[in-house]
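K.L.:
Mind having a look at this structure? Questions to follow.
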Amino acid sequence: MPKISQKGIAMPQSPIRKLVPFAEKAYAAGKKVYHLNIGQPDIKTPQVALDAVKNNSLDTLAYTRSEGSDTYRQKIADYYKRNDIFVNKQDIIVTTGGSEALLFAFGSIMDVEDEVIIPEPFYANYNGFSTASGVKVVPVISKIEDNFALPPIEEFEKLITPKTKAILICNPGNPTGYLYSKDEIKKLAAIVKKHDLFLIADEVYREFAYDGEVHYSILQEEGLDEHAIIIDSVSKRYSMCGARIGCLVSKSKSVIATALKFAQARLSPPTLAQIASEAALETPQSYFDDVIEEYVERRNTLINGLKEIEGVKVATPKGAFYCVVELPVKNSDAFAQWLLEEFYVDNETIMVAPAGGFYSTPNVGLNQIRIAYVLNQESLLKAINILKEALKVYKD
């Protein structure tokens with residue numbers, strides 16, 4: 001029979017989704033599963049976005065421009081201006097989710113076998129995007145003991161080779177919830193200018209910064225116009241994961257011109273989803289104030305509960321809505337599957353994301369999981385108790 005490609009064989013499974021069949025079996029057996037594995041907020045989508053689609057009078061669902069509609073890109077630029085990020089609509093390409101934006105970025109600045117340095121653990125799909133693009137991920141490990149802060153800049157310098165094209169960060173971080181400080185961003189800016197590299201920042205969680213901390217974008221840093229590329233999305237900001245609308249933002253005309261060719265090849269981003277996303281930009285600040293207050297309470301509930309479990313170690317996130325948890329187990333993949341197949345408290349169990357898939361270094365993070373605190377506090381308390389009871393009886 002015809003053979004599957006080596007690239008296809010090398011594509012990693014998602015640690016976030018690969019256990020879905022076991023969860024479905026649990027549901028079929030009448031069990032309740034608390035989903036801590038996926039960053040799907042239970043927060044309601046702003047009504048203004050839903051109404052924009054429901055009340056639309058389009059009689060033809062036509063293509064938009066490949067770079068996205070003029071009105072939507074202008075409103076995105078206005079949104080950035082409100083966040084002290086000064087770009088024009090010409091600096092923005094609307095994409096089908098932040099995922100496509102990152103694929104466009106990789107395709108625009110890297111050739112096969114080029115290298116991108118990424119602090120790990122990192123968003124698991126970065127492994128998939130790099131494999132799909134023929135790009136090599138070069139990891140620099142951040143540690144739970146340091147709350148996953150930026151590794152020393154000397155560690156980055158050691159890894160730079162003639163094949164290195166970019167450094168990629170997620171800020172605030174998925175899966176760690178770490179928020180890079182202004183000083184850390186400046187250190188990264190200095191190294192990419194020194195070595196003539198690109199700095200890509202996945203900033204989809206920009207609004208989710210806690211404890212008085214303030215997000216500092218790479219596009220707020222002077223002198224980075226030819227180096228900085230932002231990946232963004234409406235998925236988390238407005239609880240619109242299903243819209244699949246993101247964008248690539250850069251002041252580099254060559255980056256935008258190149259990315260536009262990739263955008264033209266896929267024709268255009270979804271029209272109705274752009275309409276919803278444009279309307280979402282009218283969401284009042286009070287929406288975010290309420291959402292952030294809710295996430296802070298959930299984070300505190302989760303972190304405080306986890307710290308009371310014997311043998312568990314957890315870093316305290318300053319942003320996003322994830323945390324990495326170190327467990328007293330040898331293999332979190334096996335543990336996560338066991339939870340769904342064999343362990344229940346009052347007919348309920350939890351689904352977590354094994355953290356090994358958030359690393360590219362082999363055999364690192366095998367005793368860790370990522371938890372997304374996207375459930376209400378009552379559900380989080382039940383989930384914490386299930387994890388606590390499970391660890392009492394689990395045998396590797």
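Conditions (1) on the phi > 0 side of the Ramachandran plot; (2) touching a residue at least 60 places away in the same chain (Cβ under 8 Å); (3) in contact with a His (Cβ under 6 Å, 6 or more places away or on another chain), marked per residue:
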residue: 198; (1), (2), (3): no, yes, yes
residue: 207; (1), (2), (3): no, yes, no
residue: 214; (1), (2), (3): no, no, no
residue: 218; (1), (2), (3): no, no, no
residue: 226; (1), (2), (3): no, no, no
residue: 234; (1), (2), (3): no, no, no
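K.L.:
Now for a different question. Would you mind stating whether residue 13 is more than 20 Å from the chain's Cα centre (by Cα) and open to solvent by 60 Å² or more (accessible area, probe 1.4 Å)?
P.N.:
Criteria not met by residue 13.
K.L.:
Residue under question is residue 63, and the condition is that it be open to solvent by 50 Å² or more (accessible area, probe 1.4 Å) and touching a strand residue (DSSP E or B) at 6+ places or on another chain (Cβ under 8 Å); does it hold? Give the steps one after another, and end with the answer.
P.N.:
On the way: open to solvent by 50 Å² or more (accessible area, probe 1.4 Å): yes; touching a strand residue (DSSP E or B) at 6+ places or on another chain (Cβ under 8 Å): no.
Taking the combined requirement at face value, the residue does not satisfy it.
K.L.:
Further question on the same structure: Can you find even one residue in the stretch 106-128 that is part of a helix (DSSP H, G or I), in contact with a Pro (Cβ under 8 Å, 6 or more places away or on another chain) and of a type outside the set (Gly, Ala, Ser)?
P.N.:
Narrowing the stretch 106-128 to residues part of a helix (DSSP H, G or I): 106-109, 125-128.
Filter once more, so that each one left must be in contact with a Pro (Cβ under 8 Å, 6 or more places away or on another chain): 127-128.
Keeping just the survivors that are of a type outside the set (Gly, Ala, Ser) gives 127.
Among the residues of the stretch 106-128, at least one is part of a helix (DSSP H, G or I), in contact with a Pro (Cβ under 8 Å, 6 or more places away or on another chain) and of a type outside the set (Gly, Ala, Ser), which makes the answer yes.
K.L.:
Can you tell me which residue is least open to solvent (accessible area, probe 1.4 Å) among those in the stretch 357-382 that are part of a helix (DSSP H, G or I) and over 18 Å from residue 333 (Cα atoms)?
P.N.:
Only one residue tops the list, namely 380.
K.L.:
Just to be sure I understand, how many residues within the stretch 262-282 are more than 23 Å from residue 219 (Cα to Cα), of a type outside the set (Gly, Ala, Ser) and either touching a Ser or Thr at 6+ places or on another chain (Cβ under 8 Å) or in a loop (DSSP other than H, G, I, E, B) (or both)?
P.N.:
7
K.L.:
For the stretch 249-279, give me each residue that is among the small types (Gly, Ala, Ser) and either crowded, with 20+ Cβ neighbours inside 10 Å or in contact (Cβ under 8 Å) with a residue 60 or more places away in the chain (or both).
P.N.:
Matches in the stretch 249-279: 250, 259, 263, 268, 273, 276, 277, 279.
K.L.:
Filter the stretch 288-337 for residues that are buried (at least 16 other Cβ atoms within 10 Å of the Cβ) and aromatic (Phe, Trp, Tyr); which is farthest from residue 83 (Cα to Cα)?
P.N.:
335
K.L.:
Let me ask another. Can you name every residue in the stretch 383-396 that is under 17 Å from residue 355 (Cβ atoms) and open to solvent by 60 Å² or more (accessible area, probe 1.4 Å)?
P.N.:
Passing the criteria: only 396.
K.L.:
Would you mind stating whether residue 245 is in contact (Cβ under 8 Å) with a residue 40 or more places away in the chain, in contact with a Cys (Cβ under 9 Å, 6 or more places away or on another chain), closer than 29 Å to residue 53 by Cα and buried (at least 21 other Cβ atoms within 10 Å of the Cβ)?
P.N.:
It is false that residue 245 is in contact (Cβ under 8 Å) with a residue 40 or more places away in the chain, in contact with a Cys (Cβ under 9 Å, 6 or more places away or on another chain), closer than 29 Å to residue 53 by Cα and buried (at least 21 other Cβ atoms within 10 Å of the Cβ).
K.L.:
What tally of residues in the stretch 71-126 results from selecting those that are among the small types (Gly, Ala, Ser) and buried (at least 24 other Cβ atoms within 10 Å of the Cβ)? Show your work before the answer.
P.N.:
We begin by selecting, within the stretch 71-126, every residue among the small types (Gly, Ala, Ser); these are 77, 97-99, 101, 105, 107-108, 124.
Retained after the next criterion (residues that are buried (at least 24 other Cβ atoms within 10 Å of the Cβ)): 98, 101, 105, 124.
Counting residues in the stretch 71-126 that are among the small types (Gly, Ala, Ser) and buried (at least 24 other Cβ atoms within 10 Å of the Cβ) gives 4.
K.L.:
Can you tell me which residue in the stretch 239-261 is nearest to residue 283 (Cα to Cα), limited to those that are over 21 Å from the mean Cα position of the chain (by Cα) and part of a loop (DSSP other than H, G, I, E, B)?
P.N.:
Pass one, the stretch 239-261, residues over 21 Å from the mean Cα position of the chain (by Cα): 251-258, 260-261.
Still in the running and part of a loop (DSSP other than H, G, I, E, B): 251-252.
Details: 251: 26, 252: 29 Å.
In this case the residue turns out to be 251.
The values are calculated or read from the model by the stated rules, or taken from the named source; none is laboratory data. Computed from a prediction, not measured in an experiment: that's the story for all the values here. Glycine gets a Cβ as well: all are built from the backbone with ideal geometry, and neighbour counts include every protein chain shown. Note: accessible area is taken over every heavy atom of the protein model, side chains too, but ligands, DNA and RNA are not part of it. Shrake-Rupley method; radii C 1.70, N 1.55, O 1.52, S 1.80 Å.
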